[in-house]
There are 2 protein chains.
Amino acid sequence: MSDLSRLFAPERVAVVGATDREGSVGRAVMTNLLSAFDGEVVPVNPTYETLFDLPCHDSVRDAEADLVVVVVPPKLAVDVVREAGECGVSAVVVITAGFGEAGGEGVARERELAAVAAEYDIDLVGPNSLGVLSTRSDLNATFGPRGALPGDVSFMSQSGAFVTAVLDWAAERGLGFVDIVSLGNEAVLDESAFVEFWGDDPETEVVLGYLEGIKDGERFVRVASEVTRETPVVLVKSGRTEAGAHAAASHTGSIAGSEAAYEAGLEKAGVIRAHSVEELFDYASVLAGQPLPDGDGVAVVTNAGGPGVMATDAVGDSDLDLASFTGETVEALRDVLPANANVYNPIDVIGDAPVERFLAALDVALSDPNVGAAVVMSCPTQTLSFDDLADAVVERGEEHGKPLAACLMGGASTESAERTLAEAGIPCYFDPARAVRALDALRTYRERRETERVEPEEFDVDRERARAVLARAADRGETRLGVEAMGLLEAYGIPIPTGEVVDSPAAAERVAREITGEVVMKIVSPDILHKSDIGGVAVGVEQADVRDTYEDLVSRARRYQPDATLLGVQVQERLDTSAGVETIVGTNRDPQFGPLVLFGLGGVFVEVLQDTTVRLAPVAEREAQSMLDDIQAAPLLRGARGRDPVDEASVVETVQRLSQLVTDFPAILELDVNPLLVSPEGATAVDVRLTIDPDELEGTDAAGGGRTADADTDAATHGGERR
Amino acid sequence: MSDLSRLFAPERVAVVGATDREGSVGRAVMTNLLSAFDGEVVPVNPTYETLFDLPCHDSVRDAEADLVVVVVPPKLAVDVVREAGECGVSAVVVITAGFGEAGGEGVARERELAAVAAEYDIDLVGPNSLGVLSTRSDLNATFGPRGALPGDVSFMSQSGAFVTAVLDWAAERGLGFVDIVSLGNEAVLDESAFVEFWGDDPETEVVLGYLEGIKDGERFVRVASEVTRETPVVLVKSGRTEAGAHAAASHTGSIAGSEAAYEAGLEKAGVIRAHSVEELFDYASVLAGQPLPDGDGVAVVTNAGGPGVMATDAVGDSDLDLASFTGETVEALRDVLPANANVYNPIDVIGDAPVERFLAALDVALSDPNVGAAVVMSCPTQTLSFDDLADAVVERGEEHGKPLAACLMGGASTESAERTLAEAGIPCYFDPARAVRALDALRTYRERRETERVEPEEFDVDRERARAVLARAADRGETRLGVEAMGLLEAYGIPIPTGEVVDSPAAAERVAREITGEVVMKIVSPDILHKSDIGGVAVGVEQADVRDTYEDLVSRARRYQPDATLLGVQVQERLDTSAGVETIVGTNRDPQFGPLVLFGLGGVFVEVLQDTTVRLAPVAEREAQSMLDDIQAAPLLRGARGRDPVDEASVVETVQRLSQLVTDFPAILELDVNPLLVSPEGATAVDVRLTIDPDELEGTDAAGGGRTADADTDAATHGGERR
């Protein structure tokens, strides 16, 4: 990634299309730049000799600028960028609209713009951008109505209008920024580029974004998971509910479209997701201003009981806990507080508390090892000034190095105290719930940061055999596969029942003889979707009946669906399903984030309750384990209702192996193992369905050479010794 | 209920304990009263001749006041109230603390206070109250630091400190009130009294409350469900999560303690529950200021796409819908908007929109029959003044009579526009989510108001037989009953399997002969909790084996638990459980709200997923039906996974009949029918457990006379002809 500091801290900015025409974008950009910029501003427009008392240049070639802002009409914009590239400019902001968003020739124009930027290695923002803004050099290269105060947060937005709204709003609240970029159409630089740049930027303490989509999800996750180890990233990703309406692609109806992918992707990237504008900036303030808590216990110190209860509720609603004080803490509180005070959490210092009593209690609480953070709350009383309390809280926060939030429950009388707290980075709200949510954001970030980023395990698998299974289907022109593809799972070390797909009664008898007890037999055909409906499944077949059953299944299939391609009959050991729990593991492919892996309990839990969880592949062991934790019905795997706990490790490994399979083969568009039967003895894939894209199967021919003799059936033996 | 207007609009207020001592409560109350009160203020204190230039009286007897405020020390307070009562005062506010909240003799003192109030029919607020306040007559009879602005909301609080916080905060925002009361210890007047009074008060448009508990839940529900037909009631009920920690009483672990009762009670009362202080006042403003929507469709009109998406998400998160416009609306929008505008919802009038274009779009949207409400959003632009937009929005709102909310997404530049909107009662926030939540509160209130309050059906039941079953157990000194009490269900018309509890092998054979096919036999003993564990249950017993099985069950029971009382053996028809769905219906009794009824799917759905729902008894048909709708796994009852839908009406009726049973018999503390087997043919109670309080069983002896011959077993025949 190139160094985007050229965009935010240039020395000489050219405005191509500058003008002084009232109401024009060119005038607005010039005015904003001239209002404060530390460097030089160079207007470019062949129509003028001078503009704003500055000499006006005819062409960007004469401007000798290191940042070029383009506001010319769309037809001229690409040429301007090319000229800029030709004379070595490497940072360009295209404010001009009329590109991809306009459709038609705009789309081609945007492609051309991207090509020119690539040719000259230009860091290009836009087109269709409000511009960029940085307080590093008091740069305001936007056509918006106001600039930004300096601060320690950088902000990107896919909505230019939202940037103007935020600037106006932040100015009133004294919120400051390092850099702001209106991303526009993202022909070149996208959200990942800015996350990466700000992650390395010592000035930026928190990265904020308003996004409606992420262009390259896989890259974003790669970049952001590095950045979020050091710098918190908080995003509003909107279009959540619209996205949810896109129907699930998987036939189980379980992967709920791309919103699930965004949720999984942002979590994997370590990003904190805000669900409203208020949360976005509340989280930004607290993350920039407060240390991370070293524990989840919260102490509440209040001078009024009712608000203390509200704060307790808010803690209960969050992922934080109300801290349990040590005996020493309780004793110490008794020493510093009057007899009618409450020395247990929430601490009630009583309405007549002067600031000294408040602070004595706060000191004791913050010294308790079970306390990771504290909320200080005060209603208006005659014995306490909000200002004094704020000063003292700031001091105590610094001393103890633990994060604090305040609830000063009043109106105008709290204003200067709030300012004092804000300057010290301590969040202060009337509503206790909001103060607690701010502390909870710190906990979330600590958790995200501490999450180990381990590379997923690479299991030793038989990749060539898996490729052969896919290649055979591709050669037959098939895109939907069923049990005939069980070998795919076996090749990746996922246990399957003993059995095989055979194409003769004799072979069926041979396979059945290798199995103890009754067998299950199923017709195998890509064209017959509902095998049971046509009598294509026989359960509990005795050895003696295998031959007849074979004939019977085949003749039923021929009768009911004469045009179906019959691949044979699967002969499989009969599993005792009552001894285990039916689960489902599946994958599909998201256009932005690539392969997703789904896990859930089978049957009613998927179909009615949609109790499933999704991760981005590849899935590491910790992530696979966390999928089990996510499921509401997880206790059923863990010995609820008198069952023995299942072998969780085998489930975790199956999820990882499946993840490796779909990561290795982009040709697998969707795949469901349903059911994956899980018991105390392990996990077994009982059935599989998948959809493939033969065009994605690279090297098919090479692998095709390794095909087994029975070319029309795939080996599905238990031992895995065949290939 | 007496008319509480004497509390809020008195003509002459005596302050008993008045003083001018700096920092005293008596001085604060005097100062507040003298600052604005329309009527006369009379200080009472034998130590002074005059106070604040007013003649000071020796006793409340001389004061001739119609409201008495008591601030004397606790030991004197009861006598003062008695004196006030003796001279005909009927409204008293006891600010003095040191009563129930102090424990010890304070508890007795509070009882005495209540007795005096009852004797003289005094409407008494407190003790331990901040006081009362009303803008009707500019009365501020509190010792808080500030008064209230006039408005149309009345507010009660169980936290006095929270009243001071709210007053300070509301003053800054220009929020006004009718009456405010700090409820204190509620020795006499409680939340129900004020809800009732404000419900009849033409000045009060919305009732707000901060409550930590409700003293008499049953009365509250009765009162509030009347009031909320005309006047919205919004409450913060805190202590939610603490309450949740109180362990469930029912052995199924399903009724989650009194928080479930509050939730059910407040819903039954038609109360809107706010979960934070912000919500409390946001809902108050919109309910006071805006008409109710006649439909759930919301139109969004915005001058920026990004914020439009945020509002769409917020609508998706709410119970509102994004309105689908009619073809006429879309056409009309095309006429008034430029070509690049979005004429579908959310309507984007484009960043260069002047106010006229905005309003043209709003007019069209509000004329659409599918639009019940609208959100108007604007980012700062050069073509639009927030002030003009606000003026025009107010005008349009009045014209169309549909509720509106605004998002003016800016800072200081929106201030005067926000004021304009606030004066017209139109909520305005930066955050689209908050604006949409305000509209959603209107929808919730409309729904609550429209919900029919029907009296629960009274089924024709055999109440005497039920009483006899309970009486027999009570006579035996038992408090925990099992299958021997199936007759209780049958008496209330709840279907049970054919069968009977018998006490001889011969009787067992007789009962088995009346049943077709195999039978289920179970030992019946109040002392054996886990019958299966000692081999006390036999399933699938052939007719020929009934006699032996009887002996076998009894001898096992004698062997494993020699001291257990054996009531006999239950012989019951064997039901095909696979033909139905196992559900659970249960009840327990909440100390505040009385009997609760629980419904859920059985087995894993209760034990692992806790997928249950609770209502206050008595449950009307509509409510019982809504319990089915509440369950996540409800689709399993309605034909998911290829099953036939069950007979929902029979489930609904069973819930109602059980509700009638526990309402009729306060002696039933807990009762669970588990499982209630539900199939397309109906509902059958397979097993029952209950706990009774014999002391609550009135008329037991009278009913005892009707006991059946086999005094030690309860009839559990199918026909119900015995009693």
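Side notes on the structure shown:
- For segment B:68-84, a tally of residues being crowded, with 22+ Cβ neighbours inside 10 Å and free of Cβ contacts under 8 Å to residues at least 12 places away in the same chain returns 0.
- Residue match in segment A:239-249 (condition: surrounded by 23 or more Cβ atoms within 10 Å (Cβ to Cβ) and either modelled with pLDDT of 95 or more or not β-branched (Val, Ile, Thr) (or both)): no
- Residue in segment B:527-534 that is touching a strand residue (DSSP E or B) at 6+ places or on another chain (Cβ under 6 Å) and assigned to a strand (DSSP E or B) present: no
- Note on segment B:363-389: among residues that are among the hydrophobic types (A, V, I, L, M, F, W, C), assigned to a helix (DSSP H, G or I) and more than 37 Å from the chain's Cα centre (by Cα), the one that is nearest to A:Phe281 (Cα to Cα) is B:Phe386.
- Lone qualifier among B:Val569, B:Val546, B:Val519 - being aliphatic (A, V, I, L, M), within 27 Å of B:Glu478 (Cα to Cα) and at pLDDT 90 or above: B:Val569
Table: residues versus (1) at pLDDT below 95; (2) touching a helix residue (DSSP H, G or I) at 6+ places or on another chain (Cβ under 8 Å).
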| position | (1), (2) |
| --- | --- |
| B:Glu331 | no, no |
| B:Arg334 | no, no |
| B:Val343 | yes, yes |
| B:Val349 | yes, yes |
| B:Asp352 | yes, no |
| B:Asp363 | no, yes |
| B:Ser367 | no, yes |
| B:Val376 | no, yes |
| B:Pro380 | yes, yes |
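- Of A:Ala360, A:Ala341, all but one fail to be surrounded by fewer than 23 Cβ atoms within 10 Å (Cβ to Cβ) and touching a strand residue (DSSP E or B) at 6+ places or on another chain (Cβ under 7 Å); the exception is A:Ala341.
- Among the residues here, B:Asp611 qualifies as under 21 Å from A:Arg641 (Cβ atoms) and either surrounded by fewer than 21 Cβ atoms within 10 Å (Cβ to Cβ) or more than 14 Å from chain A (Cβ to nearest Cβ) (or both).
- Members of segment B:321-362 found to be β-branched (Val, Ile, Thr), more than 13 Å from every other protein chain (Cβ to nearest Cβ) and under 23 Å from A:Ala161 (Cα atoms), listed by number: B:Val336, B:Val343, B:Ile347, B:Val355
- Screening the candidates A:Ala466, A:Ala508, A:Ala512 for the property of being surrounded by 20 or more Cβ atoms within 10 Å (Cβ to Cβ) and closer than 21 Å to A:Arg689 by Cβ yields one hit, A:Ala466.
- Residue, farthest from the other protein chains (Cβ to nearest Cβ), within segment B:141-166, restricted to residues that are part of a helix (DSSP H, G or I) and farther than 20 Å from B:Leu67 by Cβ: B:Val166
- Test result for A:Ala84, among the small types (Gly, Ala, Ser), more than 31 Å from the chain's Cα centre (by Cα) and part of a helix (DSSP H, G or I): yes
- Lone unmet requirement of (1) at pLDDT below 95; (2) surrounded by fewer than 17 Cβ atoms within 10 Å (Cβ to Cβ); (3) more than 14 Å from chain A (Cβ to nearest Cβ) for B:Asp460: (1)
- Tabulated pairs, segment A:156-174, first closer than 11 Å to A:Gly131 by Cα, second crowded, with 22+ Cβ neighbours inside 10 Å and polar (S, T, N, Q), C-beta under 6 angstrom, 6+ apart or interchain: A:Ser157/A:Ser182; A:Gly160/A:Ser182; A:Val163/A:Ser157; A:Val163/A:Ser182
- The condition (being among the hydrophobic types (A, V, I, L, M, F, W, C) and surrounded by fewer than 24 Cβ atoms within 10 Å (Cβ to Cβ)) is satisfied by just one residue among A:Ile523, A:Ile528: A:Ile528.
- Tally, over segment B:185-244, of residues that are of a type in the set (Asp, Glu) and within 13 Å of chain A (Cβ to nearest Cβ): 2
- Here B:Gly580, B:Gly594, B:Gly568 are screened, and the one residue that is under 28 Å from B:Ser626 (Cβ atoms) and surrounded by 22 or more Cβ atoms within 10 Å (Cβ to Cβ) is B:Gly580.
- A count restricted to segment B:535-551 and to residues that are surrounded by fewer than 18 Cβ atoms within 10 Å (Cβ to Cβ) and farther than 27 Å from B:Ser679 by Cα stands at 6.
- Failed item, numbered, when A:Ser137 is tested on (1) in contact with an Asp or Glu (Cβ under 6 Å, 6 or more places away or on another chain); (2) buried (at least 21 other Cβ atoms within 10 Å of the Cβ): (2)
- Residue within segment B:313-320 that is more than 20 Å from B:Gly397 (Cβ to Cβ), within 10 Å of chain A (Cβ to nearest Cβ), at pLDDT below 90 and buried (at least 19 other Cβ atoms within 10 Å of the Cβ) present: yes
- Segment B:397-440 - residue that is small (Gly, Ala, Ser) and crowded, with 24+ Cβ neighbours inside 10 Å and, of those, farthest from A:Gly160 (Cα to Cα): B:Gly397
- Residue within segment A:146-155 that is under 24 Å from the mean Cα position of the chain (by Cα) and surrounded by fewer than 20 Cβ atoms within 10 Å (Cβ to Cβ) present: yes
- All positions within segment A:410-442 that are closer than 26 Å to A:Gly297 by Cβ, within 14 Å of another protein chain (Cβ to nearest Cβ) and not in a helix (DSSP H, G or I): A:Cys428, A:Tyr429, A:Phe430, A:Asp431
- Residue count, segment B:480-518 (criterion: within 15 Å of B:Val686 (Cβ to Cβ) and in a helix (DSSP H, G or I)): 8
- Among the residues of segment B:455-509, just one is free of Cβ contacts under 8 Å to residues at least 60 places away in the same chain and closer than 30 Å to B:Lys268 by Cα, namely B:Asp460.
- Within segment A:84-111, considering residues that are in contact with a Gly (Cβ under 8 Å, 6 or more places away or on another chain) and over 15 Å from A:Val125 (Cβ atoms), the one modelled with the highest pLDDT: A:Arg109
The values are calculated or read from the model by the stated rules, or taken from the named source; none is laboratory data. Remember, predicted model here, so these are calculated numbers, not experimental data. With ideal geometry, Cβ positions are generated from the backbone for all residues, glycine too; neighbour counts draw on all protein chains shown.
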